[in-house]
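Working notes for the structure below.
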Amino acid sequence: MAIELDRKDFHTALDQAAKLKDAAAKAGADFARAGVKRVFLVGCGAPNREMGAIKYFLDRDIKSVEFYLYFPAEFIRQAPAKLGKDSLVVLASHSGTTPEILEAAEFIKPYGCKVAAVTQFDDSPLAKAVPGAFIYGKSDQGYTAKFMILLAFLTGLVKEADGWNLADKVLKSLDSFIDVMADVAISNDKRAIEEARLYHKEDFFMVMGSGPCYATAYVTGVCVMMEMQWMHTFTGEAAEFFHGPFEVVMPDVPVLMYVGEDESRPIAERVVRFCKKFTEKLLVYDSKEFEMKGIDKDVRSIFAPLVLEAATGRLMEHLAVWHNHPLSTRRYMWKFEY
């Protein structure tokens, strides 16, 4: 059996992030008052995807600030022409040692743009490179911690810059978010145990989500199943499912589908309808099935991608036990220079 989630430990891992909420929102507002017109969100892997999940809603609602999302290696090599004094670059890395992120921090110096960062330790290279970085401390819940800080920070920015009508509801809902995540993980454990038993021998998975829930699909399929479990997966946008990927769906092909509550939900539902006809191994995780107590109904969709990650995070924990392969195991990562 996988170790049960300890609610107290879960809170402890996220306490510092929660304490930073107000400071992060204020800092975002300060950047807006300083004239920020463009925000470049830069991160690798999971940090990139959670930035993308937040960006989805800002692109939908905000007119006065432009948002761009980059992997740092691409950001450096493309050198976006709009980088300048009215730009803010937000860098995120759990370890604070990601080489490409550190290169990005150095790369932007000649542009005179503003910079912010989110990371785990105050003595990490990233924290030292970006004065005033948000530090959430040692945590095994870094994905959630970064999301909380980034959401508060960007909400503060767009509330000041654009008067975002959902800002206050987002910030208030963040106060309940840790309990919601713990509730979801614990309540889904029984299902996760059974699904791990049923699917631990599969050598291929399709993992998909639409809109902001693609972030959850990516983190699950790429950052956990591939990176941490060495499983073969296809991770994709539900909007592109019928432009190639659906051709490999067969009765014995497992499909893990994330369904959120935003405007892209019909895209995900269409994929679910198809897969119900053509595979016997469909796992649907729908955020509407979770209570999210304390999350304002008007912003449930914003928190849904992380709520779904909390649910299937337990599935990943149990798969790791069946595989006798701890989530911390790597074949190449951190082993040598590459």
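The values are calculated or read from the model by the stated rules, or taken from the named source; none is laboratory data. Because the structure is a prediction, the values reported are computed rather than measured. Methodologically, a virtual Cβ is constructed for each residue, glycine included, from the backbone with ideal geometry; neighbour enumeration extends over all protein chains shown.
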Test for GLU309: is it among the charged types (D, E, K, R), assigned to a helix (DSSP H, G or I) and touching a strand residue (DSSP E or B) at 6+ places or on another chain (Cβ under 9 Å): yes
Selection status of LEU256, under 22 Å from PHE147 (Cβ atoms), in contact (Cβ under 8 Å) with a residue 60 or more places away in the chain and hydrophobic (A, V, I, L, M, F, W, C): no
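Answer yes or no: is there a residue in region 130-146 that is among the basic types (Lys, Arg), under 17 Å from GLY52 (Cα atoms) and assigned by TED's automatic domain parsing to the domain that holds ASP22.
Yes, some residue in region 130-146 is among the basic types (Lys, Arg), under 17 Å from GLY52 (Cα atoms) and assigned by TED's automatic domain parsing to the domain that holds ASP22.
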Of all residues in region 60-79 being farther than 14 Å from ASN165 by Cα and of a type in the set (Asp, Glu), the one that is surrounded by the most Cβ atoms within 10 Å (Cβ to Cβ): GLU66
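State the number of residues belonging to region 55-67 that are among the hydrophobic types (A, V, I, L, M, F, W, C) and part of a helix (DSSP H, G or I).
2
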Qualifying residue in region 128-135 (condition: charged (D, E, K, R), surrounded by fewer than 21 Cβ atoms within 10 Å (Cβ to Cβ), out of contact with any Ser or Thr (no Cβ under 6 Å at 6 or more places or on another chain) and modelled with pLDDT of 95 or more): yes
Lone qualifier among GLY52, GLY96, GLY35 - being modelled with pLDDT of 95 or more, assigned to a loop (DSSP other than H, G, I, E, B) and under 30 Å from MET226 (Cα atoms): GLY96
Residue selected from region 38-49 under the condition in a helix (DSSP H, G or I) and touching a Pro at 6+ places or on another chain (Cβ under 9 Å), by the criterion surrounded by the most Cβ atoms within 10 Å (Cβ to Cβ): ARG49
Among (1) under 30 Å from ALA182 (Cα atoms); (2) surrounded by 15 or more Cβ atoms within 10 Å (Cβ to Cβ) - the single one ASP22 does not satisfy: (2)
Count of residues meeting criterion [over 30 Å from ASN165 (Cβ atoms) and surrounded by 14 or more Cβ atoms within 10 Å (Cβ to Cβ)] in region 277-321: 15
Residues satisfying the stated conditions in region 25-37, i.e. surrounded by 15 or more Cβ atoms within 10 Å (Cβ to Cβ) and either closer than 14 Å to SER139 by Cα or of a type in the set (D, E, K, R) (or both): LYS37
Within region 282-332, tally of residues that are under 20 Å from the mean Cα position of the chain (by Cα) and either over 25 Å from ALA53 (Cβ atoms) or modelled with pLDDT under 95 (or both): 2
Single residue of region 167-177 satisfying the filter (out of contact with any Gly (no Cβ under 9 Å at 6 or more places or on another chain) and either assigned to a loop (DSSP other than H, G, I, E, B) or touching a residue at least 60 places away in the same chain (Cβ under 8 Å) (or both)) that is nearest to MET316 (Cα to Cα): LEU174
Top-ranked residue of region 288-303 - restricted to ones that are touching a residue at least 60 places away in the same chain (Cβ under 8 Å) and not in a loop (DSSP other than H, G, I, E, B), ranked as nearest to MET148 (Cα to Cα): PHE303
Residue satisfying all of: in region 215-229; in contact with a Ser or Thr (Cβ under 8 Å, 6 or more places away or on another chain), within 19 Å of TRP334 (Cα to Cα) and touching a residue at least 24 places away in the same chain (Cβ under 8 Å); surrounded by the fewest Cβ atoms within 10 Å (Cβ to Cβ) among these: VAL222
Helices (runs of 4 or more DSSP H) fully within region 178-280 counting 1 or more residues that are at pLDDT 95 or above, in contact with a helix residue (DSSP H, G or I) (Cβ under 7 Å, 6 or more places away or on another chain) and closer than 25 Å to PHE10 by Cβ: 189-199, 214-218
Matching entry among ASP162, ASP183 (being surrounded by fewer than 19 Cβ atoms within 10 Å (Cβ to Cβ), touching a residue at least 12 places away in the same chain (Cβ under 8 Å) and among the charged types (D, E, K, R)): ASP162
